[in-house]
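**Student:** Starting off with a structure, shown below.
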Amino acid sequence: MNVFERLYKELRKKYGTPKGQWKLWCKRPKTKREREKVIIGAILTQRTNWKNVELALNNLKKAKINSLRDIYRLGAKKLAPLIKPSGFYKTKAQYLLNLTKFVITEGWLDNTRHTIKKAELEKLREELLELKGIGPETADSILLYVLDKPIFVIDEYTRRLVKNHNLASRTDYQFLQKLFEENLRKDYRLYQDFHALIVINAKNSIN
């Protein structure tokens, strides 16, 4: 057992299955509506904490905006005030609308089993990264938690884990992603749970 596998087992023993936000994000399998919720959350959580995201999600729920098609019909201008608690709300509204249009147009969630499961990971990633407002962390979160693709998400919490355990001297995104993927079996379920547990542990350490 290498150090990455050991760390995962330690976190799993400490926290069990991921809770809170991650209960949905790590759910397997997910319904189409649940996948859409994760897509929305992946945009809203940029540069803010999950408590603020929950406030924005509650606003959407009260306004009966429950799906990507609802967001598409609403448009960015009407969407922006609803997601204000998440911060940078005008920008995020446009990012979310861009992503929504793309997902609907491409039919990503209409026939997940056949359309997405067979699609090349790198091709899907390139398509996401071409959208304004979608960087590597957001793209990989969507690929991992929405489309069940085995790609490890790197964020500040992951970097903190790497530093605290002296796992590497470099912390750039591509290097760390490759490091985790080379030291863990290629399994989206493991990647989902491990990343979620890293975030949970980091937040608990702060509190």
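Yes/no per residue for (1) of a type in the set (V, I, T); (2) closer than 22 Å to K149 by Cβ:
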position: L24; (1), (2): no, yes
position: K27; (1), (2): no, yes
position: K32; (1), (2): no, yes
position: R73; (1), (2): no, no
position: A76; (1), (2): no, no
position: L79; (1), (2): no, no
position: T91; (1), (2): yes, no
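**Student:** So, one more: Taking interchain pairs and intrachain pairs at least six residues apart, which have beta carbon atoms under 8 angstrom, with the first residue in region 5-25 and assigned to a helix (DSSP H, G or I) and the second among the aromatic types (F, W, Y)?
**Tutor:** Here the result reads Y8/F194; L11/F194; Q21/W50; W25/Y145, each pair linking region 5-25 to a residue that is among the aromatic types (F, W, Y).
Residue by residue, here is whether (1) free of Cβ contacts under 8 Å to residues at least 40 places away in the same chain; (2) of a type in the set (G, A, S) holds:
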residue	(1), (2)
R159	yes, no
S169	yes, yes
Q174	yes, no
N183	no, no
K186	yes, no
F194	no, no
I200	no, no
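**Student:** Looking only at residues that are outside any helix (DSSP H, G or I) and more than 17 Å from G133 (Cα to Cα) in region 66-99, which one is modelled with the lowest pLDDT? Working first, answer last.
**Tutor:** So the first thing to find is which residues in region 66-99 are outside any helix (DSSP H, G or I), and the list is 66-67, 75, 83, 87-88.
If we keep only those that are more than 17 Å from G133 (Cα to Cα) too, we end up with 66-67.
On the way: N66: 92, S67: 95.
Restricting to residues being outside any helix (DSSP H, G or I) and more than 17 Å from G133 (Cα to Cα), the top hit is N66.
**Student:** Follow-up question, since we're still on this one. One residue is enough: does region 15-29 have a residue meeting the conditions more than 19 Å from the chain's Cα centre (by Cα), over 19 Å from E137 (Cβ atoms) and either modelled with pLDDT of 95 or more or not assigned by TED's automatic domain parsing to the domain that holds R159 (or both)? Give the steps one after another, and end with the answer.
**Tutor:** Quick first cut of region 15-29, residues more than 19 Å from the chain's Cα centre (by Cα) only: 15-16.
If we keep only those that are over 19 Å from E137 (Cβ atoms) too, we end up with 15-16.
Okay, now just the ones that are also either modelled with pLDDT of 95 or more or not assigned by TED's automatic domain parsing to the domain that holds R159 (or both), so 15-16.
Looking through region 15-29, at least one residue is more than 19 Å from the chain's Cα centre (by Cα), over 19 Å from E137 (Cβ atoms) and either modelled with pLDDT of 95 or more or not assigned by TED's automatic domain parsing to the domain that holds R159 (or both).
**Student:** Next up: Can you spot a residue in region 92-111 that is assigned by TED's automatic domain parsing to the domain that holds A56, among the aromatic types (F, W, Y) and in contact with a Ser or Thr (Cβ under 8 Å, 6 or more places away or on another chain)? Before the answer, list the steps.
**Tutor:** Step one: list which residues in region 92-111 are assigned by TED's automatic domain parsing to the domain that holds A56, which gives 92-111.
Cutting the leftovers down to among the aromatic types (F, W, Y) gives us 95, 102, 108.
Still in the list and also in contact with a Ser or Thr (Cβ under 8 Å, 6 or more places away or on another chain): 108.
Yes, region 92-111 contains at least one residue that is assigned by TED's automatic domain parsing to the domain that holds A56, among the aromatic types (F, W, Y) and in contact with a Ser or Thr (Cβ under 8 Å, 6 or more places away or on another chain).
**Student:** Let me ask another. Keeping to region 147-188, report how many residues are at pLDDT below 95 and surrounded by 21 or more Cβ atoms within 10 Å (Cβ to Cβ).
**Tutor:** The total comes to 1.
**Student:** Moving on. Among the residues of region 189-206, what is the count of those that are within 21 Å of L121 (Cα to Cα) and exposed (fewer than 15 other Cβ atoms within 10 Å of the Cβ)?
**Tutor:** Residues meeting the conditions: 1.
The values are calculated or read from the model by the stated rules, or taken from the named source; none is laboratory data. Everything numeric in this text was worked out from a predicted model, so none of it was measured. A quick note on method: Cβ atoms are made from the backbone with ideal geometry, for glycine too, and the neighbour counts reach across all protein chains shown.
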